[in-house]
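Novice: One structure follows; several queries about it will come next.
The values are calculated or read from the model by the stated rules, or taken from the named source; none is laboratory data. A quick note: this is a predicted structure, and the numbers were derived from the prediction, not measured. Positions of Cβ are generated from backbone atoms using ideal geometry, with glycine treated the same way; all protein chains shown enter the neighbour counts. These area figures cover heavy atoms from the full protein model, side chains too; ligands, DNA and RNA do not enter into them. Shrake-Rupley method; radii C 1.70, N 1.55, O 1.52, S 1.80 Å.
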Amino acid sequence: MYHLNLDTQEFLRHHWQKKPLFIKGAFADFLDPIEPDELAGLATEESVSSRLVIQQEGQWRSESGPVTDFEPLGDCGWQLLVQAVNHLEPAASELAACFRFLPDWRFDDLMASFAAPGGGVGPHIDNYDVFIIQGQGQRRWQVGDRGEHKPRKGSGALALVEDFEPLLDVEMAPGDLLYIPPGYPHCGQTLTPSLSYSVGFRAPSQQELLCQLADQLQDTNQGQQRFTSDSEPRQASLISADHQQGLLSLMAKLISDPTTLRPMLGTLLSQNRFELDPLPPQTPLELPQLIDALDQGVEIVRIGGLKVVHLEGDRPGSLYLDGHHWLLNTQALALPLREQARLGSGTLSPLLSDKEDSATLLEFINLGYWYLE
Ligand code: SIN
Ligand code: CO
């Protein structure tokens with residue numbers, strides 16, 4: 001449904017994580033994956049993460065959702081932002097899939113936003129990579145250089161920065177794409193009522209990684225080895241460089257052991273920051289029903305936002321999804337489940353003769369991670 005006109009190898013070499021890029025007409029004949037009314041509907045839901053940013057006389061103010069009353073906002077100076085629309089709207093999930101030339105584990109979500117003329121979130125800096133796709137309407141985007149940028153006084157939780165000298169100053173129309181790496185200040189201003197989509201990529205911090213490791217060690221009661229030494233410092237008050245090195249090695253040995261590292265990374269990196277929307281069948285599906293459905297042309301479709309990842313070097317049938325580890329008998333089923341968002345009888349039927357794998361697949365469907373379509 002969506003095709004991204006981008007030389008991905010060239011992009012990865014020269015722009016990804018390095019410098020901004022604007023591409024006019026990156027999506028030909030772009031169709032919005034969601035309409036403004038539907039977006040407003042999602043914003044009324046408790047389970048959906050949304051916010052409003054209102055701009056008045058050069059000041060920005062944010063209100064977190066749910067947003068139920070749009071009447072008082074009028075027709076200018078505001079923007080509605082809804083996170084993880086790809087979890088809820090299959091077309092938004094298809095749009096996000098255009099960016100799978102980057103690994104799934106790095107993907108965060110697709111945020112959709114509606115902005116009235118004059119609306120925007122103000123000049124700010126993100127610590128993640130973002131691709132901004134313009135849907136209906138027009139917005140002007142300015143992107144400044146990395147470096148020191150003063151916090152904007154009075155911007156509070158919005159953490160805005162002072163105005164900056166733009167490196168890039170573009171007017172975006174439907175289908176245009178703007179890529180902004182972390183650290184570059186940017187600001188969007190809305191010219192005509194607009195829908196836009198921010199496809200965000202995030203990387204874990206040392207803090208997140210080490211907290212995950214600590215949780216896992218506690219849960220599995222691992223990491224019990226203690227420090228030993230064969231020499232002691234002369235000064236009783238000293239923690240010698242030798243001992244520091246030994247203590248560090250004790251930690252490094254644990255982290256560099258793949259049997260500790262892989263489950264830690266698999267668990268952390270298959271989770272989502274935003275709630276998933278599982279779609280379990282009303283009554284649990286059984287194998288004969290699945291076989292029948294596939295024979296009739298039904299496909300199984302992965303719910304939006306579900307990450308199915310595998311760690312290189314791990315057992316071929318091993319995969320992590322939604323923070324949990326699963327072991328399939330063969331890679332024959334594990335690989336298409338990881339790589340493809342929808343699967344039909346051509347791929348699945350020959351694999352269902354494996355009793356354990358077909359039971360696992362049914363479990364995935366009955367948990368609502370894949371649904372029949
Ligand atoms: C916006 O659409 O104005 C916010 C997106 C962003 O700045 O990352
Ligand atoms: Co931003």
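Novice: Find, to one decimal place in angstroms, the Kirkwood hydrodynamic radius of region 143-210, where the mean of 1/r is taken over every pair of different Cα atoms and then inverted. Let's see the in-between values first.
Specialist: Working: mean 1/r = 0.0687 Å⁻¹.
Here the Kirkwood hydrodynamic radius works out to 14.6 Å.
Novice: For the modelled label position 7 Å from the Cα of residue 62 along Cα-to-Cβ, which residues of region 93-137 have backbone nitrogen atoms closer than 12 Å?
Specialist: Backbone N within reach: 121-127.
Novice: Among 186, 170, 214, which residue has its Cα positioned farthest towards the positive end of the charge dipole of the chain, with +1 placed on the Cβ of Lys and Arg, -1 on the Cβ of Asp and Glu, and the dipole taken about the Cα centre?
Specialist: 214
Novice: If packing is taken as the average number of other Cβ atoms within 10 Å across a peptide's residues, how do 232-243, 123-134, 210-221, 357-368 rank, most packed first?
Specialist: Per-residue Cβ counts within 10 Å, averaged per peptide and sorted highest first, yield 123-134, 357-368, 210-221, 232-243.
Novice: While we're here: Pulled fully out, how much extra length does the chain show between residue 324 and residue 169, if you take 0.36 nm times their separation in residues and subtract their Cα-Cα distance?
Specialist: 51.4 nm
Novice: Checking a compactness column here: for region 8-201, what do you get for Rg(Cα) / (2.2 N^0.38 Å), N being the number of residues? Before the final figure, lay out the partial values.
Specialist: Numbers: Rg = 15.8 Å, N = 194, 2.2 N^0.38 = 16.3 Å.
Dividing the Cα Rg of region 8-201 by 2.2 N^0.38 Å gives 0.97.
Novice: With r defined as the distance between the Cβ atoms of residue 312 and residue 71 and R0 fixed at 56 Å, what FRET efficiency is calculated, to the nearest 0.05? Could the numbers behind the result be given before it?
Specialist: Values: r = 53 Å, r/R0 = 0.95.
E between residue 312 and residue 71, to the nearest 0.05, is 0.55.
Novice: Quick one: compute the contact order of region 8-201, relative version, from alpha carbon pairs under 8 angstrom and 6+ residues apart, as a percent.
Specialist: 29 percent
Novice: Output needed for region 287-372: three equivalent-ellipsoid semi-axes, defined as square roots of 5 times the C-alpha gyration tensor eigenvalues, in descending order, whole Å.
Specialist: That gives 20, 14, 11 Å for the three semi-axes.
Novice: May I pose another question? Could you grab the relative contact order for the chain? Cα pairs under 8 Å, six or more apart, rounded to a whole percent.
Specialist: That works out to 16 percent.
Novice: Of all the accessible heavy-atom surface of the chain, with the other protein chains kept in place and a 1.4 Å probe, what percent is carbon and sulfur?
Specialist: The C+S portion of the solvent-accessible surface of the chain is 50 percent.
Novice: I've got another one for you. Which value, in debye to the nearest 20, describes the size of the charge dipole of the chain about its Cα centre when Lys and Arg Cβ atoms bear +1, Asp and Glu Cβ atoms bear -1, and nothing else is charged?
Specialist: Using Cβ point charges on Lys, Arg, Asp and Glu, the chain gives about 1280 debye.
Novice: Moving on to the next point. At what distance in nm do the modelled label points of residue 218 and residue 332 sit from each other, each positioned 7 Å from its Cα along Cα→Cβ?
Specialist: Result for the modelled spin labels: 4.3 nm.
Novice: Give me the net charge of residue 271's neighbourhood, meaning all other residues with Cβ under 14 Å from the Cβ of residue 271; Lys, Arg count +1, Asp, Glu -1.
Specialist: -3
Novice: In addition: Sorted from largest down, give the three principal axis spans of the alpha carbons of the chain, whole angstrom values.
Specialist: Principal extents (largest minus smallest coordinate, Cα): 75, 68, 41 Å.
Novice: What FRET efficiency do you get for residue 366 and residue 234 if R0 is 56 Å and r is their Cβ-Cβ distance, rounded to the nearest 0.05?
Specialist: Working: r = 66 Å, r/R0 = 1.17.
After rounding to 0.05, the efficiency reads 0.30.
Novice: Sorted by average packing, counted as other Cβ atoms within 10 angstrom per residue and highest first, what order do 105-111, 23-29, 10-16, 88-94 take? Kindly include the intermediate steps, with their values, before the conclusion.
Specialist: Numbers: 105-111: 21.7, 23-29: 14.7, 10-16: 13.0, 88-94: 19.7.
Descending packing order for the listed peptides: 105-111, 88-94, 23-29, 10-16.
Novice: Would you mind getting the accessible area per residue of region 287-372, heavy atoms of the protein chains only, 1.4 Å probe, in Å²?
Specialist: 45 Å²
Novice: Next question, about the same structure. How many Å² of accessible area per residue for region 89-222, probe 1.4 Å? It would help to have the intermediate numbers written out before the result.
Specialist: Working: 5780 Å² over 134 residues.
Accessible area per residue, region 89-222: 43 Å².
Novice: Sequence gap at least 6, Cα distance under 8 Å: using those rules, report the relative contact order of region 256-373 to the nearest whole percent.
Specialist: Computed over region 256-373, the figure is 37 percent.
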